[in-house]
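Worksheet for the structure shown next.
No lab work stands behind these numbers, since they all come straight from the coordinates. The structure presented is a predicted model; accordingly, all values stated were derived computationally and were not measured. Cβ atoms come from the backbone with ideal geometry, glycine included; neighbour counts cover every protein chain shown.
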Amino acid sequence: MSEKVVAVVGATGAVGQEMIKTLEQRNFPVKELRLFASERSEGKKLRFKGSEIPVEVLKEDVFKKYRIEIALFSAGASTSKVFSPIAASSGTIVIDNSSAFRMDDDVPLVVPEVNPEDVKYHKGIIANPNCSTIQMLVALKPIYDYSRIKRIIVSTYQAVSGAGGMAIQELEDELKTYVNGGRETLLNFKPSKFPYPIALNVIPRIDIILDNLYSKEEMKIVNETRKILHDPDIKVSSTTVRVPVIKGHSEAVWIETETKVTPEKARELLSNAKGVKLMDDPFNDVYPTPLLHGHDTDDVYVGRIREDISTENGLVMWIVADNLRKGAALNAVQIAELLV
Ligand code: A2P
């Protein structure tokens, strides 16, 4: 594997830092690593393979100047919209974690366990899907390949780290506020990342509400699932919920398949699937939870598989993954691995 000049854009963020860690842990062939963030981070240094790398301010000319071959972007959609096309026209291949280009026809949207072949049609930008879409599809693809899935209903339980490093701080501050002052004091806490305190709470809105009354996060799951599976007819509906968990997204997923898939068959398919860990013995409390299985883990964990007793060819399951790793940084690095 030839070594590459790699950049992480948004290096100081929750996902950016995980990207640096993942490049190191997977021994990605890095010739040189460049780190970029906003002016706020000027002067900061971050560790990579035992050395301290300075964080530089992102500017238009850096991609050409440093001959960056692969850039992992996680600095939000507005930064991506401006800088990804500049990087691509400078000869850099961008792997973009934001939603900026995910639905563009000439931008592949890739989950390496699901549609690795799609990287081939990139024109300089490859999009990393939404965290909730990634973990759901890694778990569903083996079943889809056995019997097409006609319909998916998903409720998510999403960790605050999905909203960035500041959101983790906000939850921690709120928890301290509650411990020190009780519920009334917590209710007077002025949150900035979420509309209400997230500590001891659940909030049924992630991203903005759209005209159809779904949130943008919910429609990302719908539209991205169709694009990644190349199945515009698959029916998907979702409710996305923020929960007071630091890391690890969980999902309750109902599916309807074209032909009958028994829970036993689903377990067999998933126990042989790449990137999936089956944890399904509910009588002995064997099922994944985000605190135990959504922290610093690479696999997508699946449990509580059972028949959907409300429909004929239905299955229900519980899916947990580390939203910062498989839901973001790891998936992006795996896409980069497909390129080298
Ligand atoms: P900075 O730390 O300098 O603000 P998170 O998702 O955890 O909130 O992190 C967002 C990341 O995106 C951070 O690294 C942040 O840098 C970076 N970022 C935000 N705006 C810009 C920008 N205009 N140019 C470059 N990086 C940006």
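What are the semi-axes of the equivalent ellipsoid for the chain, taken as the square roots of 5 times the Cα gyration tensor eigenvalues, largest first, in whole Å?
Working: eigenvalues 202, 136, 67 Å².
Whole-Å semi-axes of the equivalent ellipsoid: 32, 26, 18.
R0 = 30 Å: FRET efficiency of Lys123 with Val57, Cβ-based, nearest 0.05?
Given R0 = 30 Å and the Cβ-Cβ separation, E is 0.65.
Order the peptides 70-77, 237-244 from the highest to the lowest mean number of other Cβ atoms within 10 Å of their residues.
In descending order of packing, they fall as 70-77, 237-244.
What aspartates and glutamates sit close enough to Lys193 to cross-link, taking a C-alpha to C-alpha distance under 14 Å and skipping anything fewer than 8 places away on the same chain?
Leaving aside aspartates and glutamates fewer than 8 places away in the same chain, those within reach of Lys193 are Glu170, Glu172, Asp173, Glu174, Asp207.
Could you tell me what a quarter of the Cα convex hull surface of the range 63-145 works out to, in nm² with one decimal place?
The Cα convex hull of the range 63-145, projected and averaged over all directions, gives 5.5 nm².
Please name which of Ser99, Thr257, Gly10 has its Cα lying farthest along the dipole of the chain towards the positive end, using unit charges on Cβ (Lys, Arg +1; Asp, Glu -1) and the Cα centre as origin.
Gly10
Which of Lys235/Lys326; Lys123/Lys150; Lys81/Lys216; Lys220/Lys326 have a Cα-Cα distance over 22 Å?
Beyond 22 Å between Cα atoms: Lys235/Lys326; Lys123/Lys150.
Counting GluC sites (Glu not before Pro) as exposed when in a DSSP loop with at most 15 other beta carbons within 10 Å, what is the longest stretch of the chain free of them?
Numbers: sites that count: Glu3, Glu42, Glu60, Glu258, Glu312.
Between exposed loop sites, the widest span is 61-257.
How many nm separate the modelled label positions at Lys64 and Phe283, each set 7 Å beyond the Cα in the direction of the Cβ?
6.8
If you take every DSSP beta bridge whose two residues both sit in the range 120-262, what share of them, in percent to the nearest 5, is antiparallel?
55
First select every other residue whose beta carbon is under 10 angstrom from the beta carbon of Ser132; then total the charges, Lys and Arg +1, Asp and Glu -1.
Residues close to Ser132 contribute a combined charge of -3.
Considering the zone a paramagnetic label at Gln169 would reach in this model (a point 7 Å from Cα along the Cα-to-Cβ line), which residues of the range 187-216 have amide N under 14 Å from it?
Hits in the range 187-216 for Gln169 at 14 Å: 191-194.
Using unit Cβ charges (K, R positive; D, E negative) and no other charged atoms, how large, in debye to the nearest 20, is the dipole of the range 192-329 about its Cα centre? All intermediate terms of the calculation are to be shown ahead of the outcome.
Numbers: 18 positive and 22 negative charges, 95 e Å.
Using Cβ point charges on Lys, Arg, Asp and Glu, the range 192-329 gives about 460 debye.
Viscosity 0.692 mPa s, temperature 37 °C: what is the translational diffusion coefficient of the range 138-283 from Stokes-Einstein with a Kirkwood Rh over Cα pairs, rounded to a whole number of µm²/s? The partial results should precede the final answer.
Values: Rh = 17.4 Å.
Rounded, D is 189 µm²/s.
Describe numerically, in nm with one decimal, the distance between label points set 7 Å from Cα along Cα→Cβ at Asn180 and at Lys45.
Once both label points are built, they end up 3.3 nm from each other.
For a quick check: with amide H placed at 1.01 Å from N, whose amide H comes under 5 Å from Lys235's, ignoring anything fewer than 5 positions away on the same chain?
Sorted by chain and number, the residues that satisfy this are Arg151, Ile152.
How far, in nm, would the chain grow between Glu307 and Lys190 when pulled straight, counting 0.36 nm per residue and subtracting the alpha carbon separation?
37.8 nm
For the chain, build the charge dipole from Cβ charges (+1 Lys, Arg; -1 Asp, Glu) around the Cα centre, then report which of Gly314, Val57, Ala336 sits farthest towards its positive end.
Going by the charge dipole, the pick is Val57.
Given a Förster distance of 41 Å, report the FRET efficiency between Asn212 and Glu264 from their Cβ-Cβ distance, rounded to the nearest 0.05.
The value I calculate is 0.60.
Leaving out same-chain residues fewer than 8 places away, which aspartates and glutamates sit with a Cα under 18 Å from that of Lys260?
Once the sequence-local aspartates and glutamates are set aside, what remains near Lys260 is Asp145, Glu268, Glu307, Asp308, Glu312.
If R0 is 22 Å, what FRET efficiency do you get for Gln25 and Ser271 from their C-beta distance, rounded to 0.05? Please report the intermediate quantities before stating the final value.
Details: r = 25 Å, r/R0 = 1.14.
Working from the Cβ atoms, E equals 0.30.
Residue by residue, what Karplus-based ³J(HN,Hα) values in Hz, rounded to whole numbers, does the range 274-288 have, using 6.51, -1.76 and 1.60 with θ = phi - 60° and x for Gly and Pro?
5, x, 10, 10, 7, 9, 9, 9, x, 4, 9, 6, 9, 6, x
Using DSSP to call loops (not H, G, I, E or B), can you name the trypsin sites (Lys or Arg not before Pro) in the range 1-46 whose Cβ has at most 16 other Cβ atoms within 10 angstrom? Intermediate values should be presented prior to the final figure.
Numbers: sites: Lys4, Lys21, Arg26, Lys31, Arg34, Arg40, Lys44, Lys45; in loops: Arg26, Lys44.
Sites meeting the loop and neighbour criteria: Arg26, Lys44.
How big is the antiparallel share of DSSP beta bridges in the chain, given as a percent to the nearest 5?
45
Listing Trp318, Trp254 from the residue with the fewest other Cβ atoms within 10 Å to the one with the most, what is the order?
Arranged by neighbour count, lowest to highest, Trp318, Trp254 become Trp254, Trp318.
If you put +1 on each Lys and Arg Cβ and -1 on each Asp and Glu Cβ, how big is the dipole of the range 123-257 around its Cα centre, in Debye rounded to 20? Intermediate values should be presented prior to the final figure.
On the way: 17 positive and 15 negative charges, 51 e Å.
In total the dipole reaches around 240 debye.
Quick one: Karplus J couplings for the range 56-66, per residue in order, coefficients 6.51, -1.76, 1.60, θ = phi - 60°, nearest Hz, x for Gly and Pro?
9, 6, 5, 9, 4, 8, 5, 5, 6, 4, 9
Mind checking the dipole of the chain: about its Cα centre, +1 per Lys or Arg Cβ, -1 per Asp or Glu Cβ, Debye to the nearest 20? List each step's numbers first, then the result.
Details: 43 positive and 47 negative charges, 126 e Å.
So the dipole magnitude of the chain works out to roughly 600 debye.
If neighbour count is taken as other Cβ atoms inside 10 Å, put Asp308, Asp280, Asp61 in order from fewest to most.
Numbers: Asp308 15, Asp280 21, Asp61 9.
Fewest-to-most ranking of Asp308, Asp280, Asp61: Asp61, Asp308, Asp280.
From the phi angles alone, apply the Karplus equation (6.51, -1.76, 1.60; θ = phi - 60°) to the range 42-51 and give each ³J(HN,Hα) in whole Hz, x where the residue is Gly or Pro.
Going residue by residue, I get 4, x, 6, 10, 10, 7, 8, 6, x, 10 Hz, with x marking Gly and Pro.
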